[in-house]
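> If you scroll down you'll find the structure; I have some questions about it.
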Amino acid sequence: MITSLSNHAEESGDLALQIYIETLNKERSTQLQALRSIRALSREPRYKVKVDLIRSIGGLGLINSMVFLTEVGSIERFKSLNHLISFIGFVPTSKDSGGKESKGRLSRRGNKFLRTAMIQSSWMAIRYDTSMALAYENYKRKGLPSQKAIVKIARKLVNRIRFVLLNRKMYEVR
């Protein structure tokens, strides 16, 4: 497809299309280099076992596994799941006034890059893991919008990642 577009652009003298195609080819090359670097990093001894552990969980691929490991660092530095969840940013904003307490949207605090990766992985997890899909459907049945339900799934996913890393055991579907 790209080759035929490139040929058409050259034949018709469409400079704008030629520039777009050149830009696309550069982007593809950059992405390929980045993917190769991530793969090479994942094979290093400090990441190899951890990547394999995380990837045993349905919905998590190489890139998001490496995002988790490189952004979090050592999982042992978090005293509890709540500390890890807070670091990622899966905590709601809170408003207290005159004895009334209400919770709002997700806080802007936390690691936005990691939070995005976990949300993306959660959408995949509900496709590949029946227990996650069931939990997602239960949240939806209770009236939660899909975005709020997927955040709850993301919290479950982070809990699973933490579990496999701390216990150094592959995740087993029950």
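The values are calculated or read from the model by the stated rules, or taken from the named source; none is laboratory data. Predicted model, so just to flag it, every value in this text is computed and none were measured. Cβ atoms come from the backbone with ideal geometry, glycine included; neighbour counts cover every protein chain shown. We work out accessible area using only protein heavy atoms, side chains counted, and drop any ligands, DNA or RNA first. Shrake-Rupley method; radii C 1.70, N 1.55, O 1.52, S 1.80 Å.
> Among the helices (runs of 4 or more DSSP H) contained in segment 32-93, which hold 1 or more residues that are of a type outside the set (D, E) and over 14 Å from the mean Cα position of the chain (by Cα)?
Answer list for segment 32-93: 45-55, 81-88.
> Looking at (1) in contact with a helix residue (DSSP H, G or I) (Cβ under 8 Å, 6 or more places away or on another chain); (2) more than 14 Å from R162 (Cα to Cα), which is the one condition that is false for A34?
Every condition holds for A34 apart from (1).
> Moving on. Please tell me if A125 is buried (at least 19 other Cβ atoms within 10 Å of the Cβ), among the small types (G, A, S) and either in contact with a Phe, Trp or Tyr (Cβ under 7 Å, 6 or more places away or on another chain) or assigned to a helix (DSSP H, G or I) (or both).
Numbers: buried (at least 19 other Cβ atoms within 10 Å of the Cβ): yes; among the small types (G, A, S): yes; either in contact with a Phe, Trp or Tyr (Cβ under 7 Å, 6 or more places away or on another chain) or assigned to a helix (DSSP H, G or I) (or both): yes.
So A125 passes the test.
> Can you name every residue in segment 1-29 that is open to solvent by less than 80 Å² (accessible area, probe 1.4 Å) and at pLDDT 90 or above?
Hits for segment 1-29 are T23, L24, N25, S29.
> In addition: From the list G110, G98, exactly one residue is modelled with pLDDT under 95 and surrounded by 14 or more Cβ atoms within 10 Å (Cβ to Cβ). Which is it? Steps first, answer last, please.
Details: G98 fails: surrounded by 14 or more Cβ atoms within 10 Å (Cβ to Cβ).
From the options G110, G98, the qualifying one is G110.
> Oh, and also: Anything in segment 128-139 that is open to solvent by 70 Å² or more (accessible area, probe 1.4 Å) and either hydroxyl-bearing (S, T, Y) or outside any helix (DSSP H, G or I) (or both)? List them, or say none.
Matches in segment 128-139: Y128, T130.
> Which residue, of L157, L144, L81, is modelled with pLDDT under 95, within 30 Å of K48 (Cα to Cα) and not hydroxyl-bearing (S, T, Y)?
L81
> Out of the residues in segment 140-174 meeting the condition of being hydrophobic (A, V, I, L, M, F, W, C) and not in a helix (DSSP H, G or I), tell me which one is least open to solvent (accessible area, probe 1.4 Å).
Once the filter is applied, the top-ranked residue is L144.
> Taking only pairs six or more apart or across chains, which ones have beta-carbon atoms under 8 Å, a first residue in segment 41-56 that is touching a residue at least 40 places away in the same chain (Cβ under 8 Å), and a second residue that is surrounded by 16 or more Cβ atoms within 10 Å (Cβ to Cβ) and part of a loop (DSSP other than H, G, I, E, B)?
L53/Y171; I54/L60; S56/Y171
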